[in-house]
Amino acid sequence: AKKQGRNRIEFFQDEMKDCFEKKMRLEAGLHTALENNEFELFYQPQLNVSLGYMASAEALIRWNHPEWGMVSPAEFIPLAESSGRISSIGAWVIDEGFKMAKELKQHYPKLQRIGLNVSSVQLREQNFVEQVKVALAEYNIEPSLIEFEITESVVIDRLEETIEKLSELKKLGIALALDDFGTGYSSLNYLRRLPIDRVKLDRSFIQEMDEDPKLATMVHHIIEMAHGIGLEVVAEGVETEKQMQMLNALQVDKVQGYFYSRPIDQKGLYAFIDAKYGE
Ligand code: C2E
Ligand code: CA
Ligand code: CA
Ligand code: CA
């Protein structure tokens, strides 16, 4: 494979065989990615279905490597977490995301918030809350303009510690969402105790609900239950009109997925907004 040159295809072929070598190369690449400016935030619109406008957007990191092209976050985030590199990457995401939230709010006043994914490793850092405070002050933004998405599996791991950390963020005025809800070891009991504002229903539920009546019933009751305890529900991975209509009928609060838009770069998001909501 080497003789073909190190293009993206070659690099990602032979997944099993090159697994170790690939990891080593990715880790080495991550080492210099920040200083070489190889990261970028993409944004995926979240729409208020019943009112039909973009209420918020989720920031999703992209790694544009000069040789390998786009490397998926599903691939490099776990590596960054195990190597400790996630601290500096996470700090960059906060900086970049806060800056964008401020700019976008000025351009599009209807914007309610920008969602940023926060890794468990990042959340557990001693100075995480302090870091957030500093960034809020630096960019002088309304804290409620920022939402952190925390993955479900993380939370259950160390419940007490997580509740405490999330409460501190909540006190700052940051909005909180529980990501990938419904996967992992869902216990309804911790839902009650977490100081969160909304849950993001995992796309595995959404993608088959239009074919599987059992799943549709579950989604229905999950939404009712969440609303009953004062939580909003965001459905992720909405790909078809039928899914969108079902979710709308079930009074889901927001939808996000390829049906509306893939994650797009900053320019693309501005174009999306201007095309749909410009004067
Ligand atoms: P996630 O937070 O669950 O993000 C949703 C993923 O689903 C994104 O993949 C998004 O592109 C994809 N997606 C959105 N709509 C659809 C759809 O309609 N159909 C399908 N099939 N997929 C859809 P992406 O961008 O590759 O991100 C993967 C994961 O990487 C994220 O999952 C998140 O866990 C992590 N990640 C991304 N950005 C960051 C970041 O800035 N920090 C941290 N710590 N993790 C991040
Ligand atoms: Ca997320
Ligand atoms: Ca998710
Ligand atoms: Ca995920």
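The values are calculated or read from the model by the stated rules, or taken from the named source; none is laboratory data. For clarity, every value in this text was computed on a predicted model and none was experimentally measured. Quick reminder, even Gly has a Cβ in these numbers, built from the backbone with ideal geometry, and neighbours come from all protein chains shown. Note: areas computed on protein heavy atoms with side chains; ligands, DNA, RNA excluded. Shrake-Rupley method; radii C 1.70, N 1.55, O 1.52, S 1.80 Å.
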What is the extension gain from residue 37 to residue 112, computed as 0.36 nm multiplied by their sequence separation minus the C-alpha to C-alpha distance, in nm to one decimal? 24.1 nm
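Set the Förster distance to 25 Å, then compute FRET efficiency between residue 215 and residue 188 from the Cβ-Cβ distance, nearest 0.05. Walk me through the numbers on the way to the answer.
Values: r = 18 Å, r/R0 = 0.72.
Approximately 0.90, to the nearest 0.05.
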As a test of the formula, what do you get for the chain when each DSSP H run with n ≥ 4 contributes -39,500 (n - 2.57) and the sum is divided by the residue count, at 222 nm and rounded to the nearest 500 deg cm²/dmol? -15000 deg cm²/dmol
With every protein chain left in place, what is the accessible area per residue of the chain in square angstrom, probe 1.4 Å? 50 Å²
Of 22/102; 23/102; 171/200; 105/242; 214/276, those spanning more than 27 Å from alpha-carbon to alpha-carbon: 22/102; 23/102; 105/242; 214/276
Checking the a/c ratio against 1.5 first, then a/b against b/c, what shape does the Cα gyration tensor give for the range 126-279? oblate
Simple SL model, points at 7 angstrom along Cα→Cβ for residue 249 and residue 137; separation in nm is 5.3 nm
Can you tell me the FRET efficiency between residue 67 and residue 23 if r is taken as the Cβ-Cβ distance and R0 is 22 Å, rounded to the nearest 0.05? 0.85
Give the shape of the chain as rounded, prolate or oblate, defined through the alpha-carbon gyration tensor: a ≥ b ≥ c are the square roots of its eigenvalues, a/c under 1.5 means rounded, and otherwise the shape is prolate if a/b is larger than b/c and oblate if not. rounded
With each pseudo-label sitting 7 Å past Cα toward Cβ, what's the residue 267-residue 74 distance in nm, one decimal? 2.8 nm
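Could you work out how much longer the chain between residue 274 and residue 144 gets when fully extended? Use 0.36 nm per residue separation minus the Cα distance between them, nm to one decimal.
44.4 nm
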